[in-house]
1. Filter the range 64-88 down to the residues that are in a helix (DSSP H, G or I) and of a type in the set (Lys, Arg) and list them by number.
2. Any residue that is under 27 Å from the mean Cα position of the chain (by Cα) and aliphatic (A, V, I, L, M) - is there at least one of those in the range 252-264?
3. Considering only the range 210-259, how many residues are outside any helix (DSSP H, G or I) and surrounded by 15 or more Cβ atoms within 10 Å (Cβ to Cβ)?
4. Working only within the range 130-169, note down all residues that are more than 23 Å from Ala31 (Cβ to Cβ), aliphatic (A, V, I, L, M) and not in a helix (DSSP H, G or I).
5. What are the residues in the range 59-80 that are among the polar types (S, T, N, Q) and in contact (Cβ under 8 Å) with a residue 24 or more places away in the chain, if any?
6. Could you grab me the full set of residues in the range 260-291 that are out of contact with any helix residue (DSSP H, G or I) (no Cβ under 6 Å at 6 or more places or on another chain), assigned to a loop (DSSP other than H, G, I, E, B) and without any contact (Cβ under 8 Å) to a residue 60 or more places away in the chain?
7. Given the conditions (1) among the aliphatic types (A, V, I, L, M); (2) buried (at least 21 other Cβ atoms within 10 Å of the Cβ); (3) in contact with a strand residue (DSSP E or B) (Cβ under 8 Å, 6 or more places away or on another chain); (4) in a loop (DSSP other than H, G, I, E, B), and given that Leu110 satisfies all but one, which numbered condition is not satisfied?
8. Go through the range 61-102 and give me each residue that's acidic (Asp, Glu) and either assigned by TED's automatic domain parsing to the domain that holds Thr191 or touching a strand residue (DSSP E or B) at 6+ places or on another chain (Cβ under 7 Å) (or both).
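The values are calculated or read from the model by the stated rules, or taken from the named source; none is laboratory data. Worth saying up front: this structure is predicted, and the values here are computed from it rather than measured. Virtual Cβ from ideal backbone geometry, glycine too; neighbours counted across all protein chains shown.
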Amino acid sequence: MTILAFGINHATAPVDLREKVIFGNDIVPEALGELTHQQGVNEAAILSTCNRTEVYCSLDEARNEGPINWLSDYHGLKRDQLAPFIYRHPDAQAVKHMLRVASGLDSMVLGEPQVLGQLKSAYNAGLKAGSIGRLLGRLFQHSFKVAKEIRTTTTIGSHPVSVAFAAVRLAQQIFGDLSGKTALLIGAGDTIELTARHLHENGLSRMIIANRTFERSQHLASEYSAYAITLGDIPHHLAEADIIISSTASQLPILGKGAFESAIKARKHRPMFAVDIAVPRDIEPEAGDLDDVYLYTVDDLKNVIKDNMRSREKAAQQAEEIIDTQVTHFMDWLGSLDAVSTIRAIRDQAQSIQEEVMMQAQKELQKGADPEQVLQNVTRTLTNKLIHSPSSQLRAAGAEGRNELLSAAYELFDLNTDHSTQDPKK
C-alpha cells in the first residue's frame, strides 16, 4: 500500500486554472465517493481552498495514475491542460507535504494558521463520506499534532503576516493614510474578519460589510462599528467605497465591469482599490481594465507578502527540522504495518500446523496408542513441521551464497551465543 498526494496550488498554477478545479463543500461527498471507486484507490481526502486543490489517497500501488486522471476528468478538463501544473508526492514525500501544509510552510503566506482549520475540515468531510480509513486517518492526526508542536515550539506564528494583512498593506501603499477612507468588505469568513481587524487597527474611518446572510454581516459589523448590508445592496453602496476587498465562496462573480463603471461615474473618477481574494473570483477581471480601478487578485499579493515574511524564515527552518523527524516517525509506523501482516501470516501458518498435528494425535489416542508415545510424536512432528520451511530456505540460501539471509536468521530466531558466534557461512 502506498500514499499519494497530488494537486495544484498558488506556486504551480495561475488563479484562472485553480478556479476551474475548486471543490465546493456541497460536491465533496459525491467527489470522494466517485474517487474511492476508482481502481486501486482505498482511501481519499480532498483539500480545496482559494490557494490549492489537492487530493490525498492510499493506493494499492504507487504507479496508479487513475486518481490524477480522475481530477481532470471530474472538472471537464483535458488531461494535458492540468498535467503541466500538477505536483505529485508519493509515500514519505506525501507525508512531508501534508505536514508542511498543516504547519503553514507550503502556504503563500509562510506560517499562516488558516490552512490547518481547512485541513481539519477536509478530514471531517472525509470521515463523513466514509473515505478515510486507518492509514489516512493516522496521517491527518499526525499532521495536526505536528502543526501544534511547531506553533508552540517556534515563533512562526508570532508575526502578523497573512493575505488579509497584505491586502491592507497594499491599500496603504496606494492611499497612504487610511483615515477618511471607506472600505467595502464582501463576505464574512475568517479572511474578511481578519481584514476588518487590520483595517480598524490602521485607522480606517468607515467600513461596510456585505454578506449573503444579513445576520452574519451584522455580527461582524457590530465588532467594528461598521455598516451591515446584504449582497443585493452592494450596487447602492459601491460608489461609497474607496477600498473593496472580497472573499466569498460564490461560484459566480458578484461584481461586474458595469457595476464599477457606474460607481466610478458617481465618484467623479476618484480611484477605487479592489482586492479579489476569492477563488473562483468574485470580481470580473475586465473591471481592472477601467481607468481609476486598481484590481488585484490573490496572486498579485505575493510580492507584498514576500516583504513581510522574512521574520518567519528562521522559525520555518526550525519547523522543517521538526517535520523531517516526524516524517521518519510516521514512515516507521507505516513500515510496521507490513511487519504486522507478516507476523499474522506466520501465526496463521503455525496455527494450521498445530491443528493438523493435534488432529493426528487425537486419532492415535482414540485407537489406544500409548499417551507418552503420542506426546513424544507430537513434539517431534510439530518441531519438524515448524522448522521445515525455514530450514529449506536457509539451505538454498547457503547454496546460493546469500550469506546475509543466514546472518539474519541468527537475529530473527534469537539464537544463543554459542551458535551465533559460529560463522554463518559454515
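1. Hit for the range 64-88 is Arg79, nothing else.
2. Yes, the range 252-264 has at least one match.
3. Matching residues across the range 210-259 total 21.
4. Of everything in the range 130-169, those that are more than 23 Å from Ala31 (Cβ to Cβ), aliphatic (A, V, I, L, M) and not in a helix (DSSP H, G or I) turn out to be Ile156, Val161.
5. Residue satisfying the conditions is Asn64 alone.
6. Across the range 260-291, the qualifying residues are Lys268, His269, Arg270, Asp291.
7. Condition not satisfied by Leu110: (3).
8. Glu61, Asp91 - these are the residues of the range 61-102 that are acidic (Asp, Glu) and either assigned by TED's automatic domain parsing to the domain that holds Thr191 or touching a strand residue (DSSP E or B) at 6+ places or on another chain (Cβ under 7 Å) (or both).
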